[in-house]
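The values are calculated or read from the model by the stated rules, or taken from the named source; none is laboratory data. Only a predicted model underlies this, so the values are computations on that prediction, with no experimental measurement involved. All Cβ positions, glycine included, derive from the backbone under ideal geometry; neighbour counts span all protein chains shown. Areas reflect the complete protein model, heavy atoms only, side chains present, ligands, DNA and RNA absent. Shrake-Rupley method; radii C 1.70, N 1.55, O 1.52, S 1.80 Å.
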Amino acid sequence: QVQLVESGGGLVQAGGSLRLSCAASGRTFSSYTMGWFRQAPGKEREFVAGISSNGGSANSADSVKGRFTISRDNAKNTVYLQMNSLKPEDTAVYYCAAKYGGSSLRYNYDYWGQGTQVTVSS
């Protein structure tokens, strides 16, 4: 099992930046595919970005391409989401997720963090 704890959320003006971090427990972090998801009020949770276990492959949703970047540091058991040019529509609770195995970066995650709120004011 792996436990995930997100941090770095907050309130930012449109056009600003935030970096989310997700710290994972366990010694096998480098074996897990990691992802970021978000859920806005009244909406379903949606995929934001995913990264393979060794960091060699990454993918992101069309809505954040060119603005958000996912990365990981396996030595620190941490995955990051750098968010630039933030928009009010990026306001949501952001969740970190992990899974062991599988080729998809978008689906079938098994472990979830508690979430961190990101609010973008206009």
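Observations on the model:
- With both labels modelled 7 Å from their Cα along Cα-to-Cβ, the Gln117 to Gln3 distance reads 2.4 nm.
- Remark: segment 57-69, residue by residue, has Karplus-estimated 3J(HN,Hα) of 9, 9, 8, 9, 5, 4, 5, 10, 4, x, 10, 10, 9 Hz, where x stands for each Gly or Pro and the curve is 6.51 cos²θ - 1.76 cosθ + 1.60 at θ = phi - 60°.
- ³J(HN,Hα), Karplus 6.51/-1.76/1.60, whole Hz, each residue of segment 8-20, x for Gly, Pro: x, x, x, 9, 9, 7, 3, x, x, 10, 9, 10, 8
- Protein accessible area in the chain, 1.4 Å probe - carbon and sulfur %: 44 percent
- In a DSSP loop and with at most 11 other Cβ atoms within 10 Å, the trypsin sites (Lys or Arg not before Pro) in segment 44-77 are Lys65.
- With all protein chains in place and ligands, DNA and RNA left out, the 1.4 Å accessible area ranks Ser25, Ser122, Ser60 as Ser122, Ser25, Ser60, largest first.
- The charge dipole of the chain, taken about its Cα centre with unit charges on the Cβ atoms of Lys, Arg (+1), Asp and Glu (-1) only, comes to about 160 debye.
- For segment 53-100 versus segment 1-27, the inter-centroid distance based on Cα atoms is 9 Å.
- For Gly10, the residues 5 or more places off, or on other chains, whose built amide H falls under 5 Å of its own are Val118, Thr119.
- Rounded to the nearest whole Hz, the Karplus-based 3J(HN,Hα) values (6.51 cos²θ - 1.76 cosθ + 1.60, θ = phi - 60°) of segment 104-115 follow the sequence 6, 8, 9, 10, 6, 7, 9, 10, 9, x, 8, x, with x at glycine and proline.
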